[in-house]
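Q: Below are the structure tokens for one structure; questions will follow.
Taken together, the values in this text are just the output of simple stated rules run on the coordinates, not laboratory data. Source: prediction; values computed, not measured. Reconstructed Cβ throughout: ideal geometry from the backbone, glycine too, with neighbour counts over all protein chains shown.
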Amino acid sequence: MTSYMTDFKTFIARDGAKLPYRQFEGPSDIVLIFLHGITEPSLYLREFGQYISEHNLATVILPDLRGYGENPLRRGDIDYIGQLDDDIEDLFHHIQSRYPDATIIFGGHSAGGATALRQTIRPIHANIHAYLLISSALSPNSPLARKDGNNNESTVSIPKYALLMGLNAIGITRYNHTVVYRRLTPQDKLHGTETCQLSYRLAVSRMLDNKYENYLRQLNPSTFVLVGEEDEVFDAHAYEPLYSKYTPAKVRILAGHNHDRIVKSEEALSIVGEWLQTVRANNA
């Protein structure tokens with residue numbers, strides 16, 4: 001396993017926990033806080049952050065969310081449903097205090113997009129200028145899920161998930177530590193910092209609830225949604241009809257890109273860069 005601990009800065013969450021993030025310094029007047037997917041920490045987004053920083057497009061913040069990374073407090077688990085939202089709010093204020101005059105953009109890849117969208121109904125949304133959603137998840141019941149299944153080597157225990165939803169509906173939370181999500185990638189194909197099992201309370205905190213339209217309606221016109229036409233996890237052609245129903249956000253489908261290539265290729269990164277330049281110019 002390769003260690004990149006020298007990349008990290010930290011902030012203090014409201015419970016006193018010291019939580020890590022990677023920072024790629026760019027212009028101080030625009031900051032992108034970008035969230036990782038469901039099992040990988042921010043490691044796989046380093047090239048994404050470096051590209052944006054080196055092209056002087058924005059300062060990039062890549063947190064390892066609680067329960068993730070090389071040395072998490074408790075891998076695959078958090079203390080309560082919504083704790084990630086509290087952590088994100090604390091990170092937001094931490095960054096805002098260091099870049100008080102910056103245009104702040106929020107975003108994420110895959111489940112990171114859904115976690116970013118959760119912030120649209122929280123107080124910090126008023127100070128978020130735009131959202132960048134790349135191959136973004138929504139909720140388990142959204143039309144984005146591929147009807148032909150997917151190839152992301154994971155499984156969700158639907159019976160456990162449904163039972164825990166029912167228990168939570170009547171106020172019983174003592175079993176929320178139960179693992180409901182498992183990544184099935186063979187051990188020899190892992191790099192060692194993945195989070196391959198997620199508790200119910202962590203899994204729920206990464207997604208929107210079933211009324212995802214309440215979040216989409218909050219998005220401003222500057223929001224940009226990018227998805228690869230060959231995405232094997234979500235149906236790329238379901239994004240535009242769904243988003244256009246609730247928000248003026250722009251949706252773009254990029255040919256020749258799957259779920260992960262969309263955050264790595266030069267073509268995709270240049271498209272993100274063009275959008276960032278537009279946002280920056282509009283807020284100058």
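Q: Which FRET efficiency, nearest 0.05, do Gln197 and Arg46 yield, Cβ-Cβ r, R0 22 Å?
A: Efficiency computed from Cβ-Cβ geometry: 0.35.
Q: Another one. If the cut-off is 24 Å between C-alpha atoms, which lysines fall inside it for Lys264, apart from same-chain ones fewer than 8 positions away?
A: Lys9, Lys189, Lys250
Q: Something else about it: As a footprinting exposure proxy, order His259, His36, His55 by other Cβ within 10 Å, with the fewest listed first.
A: So the residues, fewest neighbours to most, are His55, His259, His36.
Q: Full extension from Thr155 to Glu232: what is 0.36 nm times the residue separation minus their Cα-Cα distance, to one decimal in nm?
A: Once the chain is fully extended between Thr155 and Glu232, it gains 26.2 nm.
Q: If we count GluC sites (Glu not before Pro) as exposed when they sit in a DSSP loop and have at most 13 other beta carbons within 10 Å, what is the longest stretch of the chain that avoids them all?
A: 26-152
Q: What does the C-alpha gyration tensor say about the overall shape of the stretch 140-269? Classify as rounded when a/c is under 1.5, otherwise prolate if a/b is larger than b/c, or oblate.
A: Oblate shape, in that a/c is at least 1.5 and b/c is the bigger or equal ratio.
Q: Checking the a/c ratio against 1.5 first, then a/b against b/c, what shape does the Cα gyration tensor give for the stretch 1-155?
A: Rounded, since a/c falls under 1.5.
Q: To continue, here is another question. Hey, what's the Cα Rg ratio for the stretch 80-191 versus the globular rule of thumb, 2.2 N^0.38 Å?
A: Scaled against compact globular proteins, the figure is 1.29.
Q: For the pair Glu54/Asn127, report the inter-label distance in nm, with labels modelled 7 Å from Cα in the Cβ direction.
A: That separation, rounded to one decimal, is 3.2 nm.
Q: When only DSSP loop residues count, what trypsin sites (Lys or Arg not before Pro) in the stretch 1-110 have their Cβ near at most 14 other Cβ atoms within 10 Å?
A: Here the trypsin sites (Lys or Arg not before Pro) that fit, given the DSSP loop and packing criteria, are Arg14, Arg74.
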